[in-house]
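To start, the structure itself, in structure tokens.
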Amino acid sequence: MVVAMFIPTVVHVYLFTLLFMVYGAMNEKSAYAWLGIVLLVLSPFVIILLPLDAEKYLISNHVKSTFMYNNFNRVKNSIAGILQLQETNGKFNLVSVAGIKLQVFLAFAYTYHYLNWFSKTSIIGWGKNIQAKKWVVIIVLWALSVGLYYYDYRTGLLALFFLSLLHVFLEFPLNIISVKGIFAKLFMKKGNL
């Protein structure tokens, strides 16, 4: 259950993004690419080490209930369980230091994942391959999605869950190519292939 939960979430947005970046850096041999990888790897440690006063974070009951009663809360609770971040009562405190830092990491991982993809649009060829009509459809769907989240976060999350999961599965071939490519380059350098 935990593995099934982590693959489309944390593993996808953090680990697979990291592997994709490593494979790209191995091919491009760019110092900036390797710097991005180092920053990505160091970011969780920076989040852990930065001082934080949890008492300064006040959230409304609506925000708290939205976070507590959605399926993504299971991911946070599972990570908290693995890292032993629960309170003495066995529950995970959303506004504790550990709770806030975990959410900062997840927000960072998702944002970095999306920004990494959008920075690669020239490599992927979106600008060359997508016609103007399709761009209009994409922008309208994006605006409707944001509007749905704004109207009701839970409804937006449920409605877009299918698309999110579909995109994870559609990226599996790219993840496999990245892993195979990394291993091939590592073993080719050692003369084992």
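Just so you know, all these numbers are worked out from the coordinates, no wet-lab data involved. All values derive from a computational prediction rather than experimental measurement. All Cβ positions, even for glycine, are placed from backbone atoms using ideal geometry, and neighbour counts span all protein chains on display.
Go ahead and collect, in residue order, the members of region 35-69 whose backbone nitrogen is under 19 Å from a label point 7 Å along the Cα-Cβ direction of residue 153.
54-69
Between the alpha-carbon centers of region 25-50 and region 143-193, tell me the distance in whole angstrom.
So the two Cα centres are separated by 19 Å.
Determine the gain in length on full extension of the stretch residue 46-residue 143; use 0.36 nm per residue of separation and subtract their C-alpha separation, reporting nm with one decimal.
31.6 nm
How far apart, in nm, are the 7 Å Cα→Cβ label points at residue 39 and residue 53?
Each label point is offset 7 Å from its Cα along the Cβ direction, giving 2.9 nm.
Work out how much length residue 163 to residue 30 would gain on full extension: take 0.36 nm times their residue separation and subtract the Cα-Cα distance, in nm to one decimal.
Here the segment from residue 163 to residue 30 would lengthen by 44.6 nm.
How would region 2-189 be classified by its alpha-carbon gyration tensor: rounded, prolate or oblate, with rounded meaning a/c under 1.5 and the a/b versus b/c comparison settling the rest?
Here region 2-189 falls in the oblate category.
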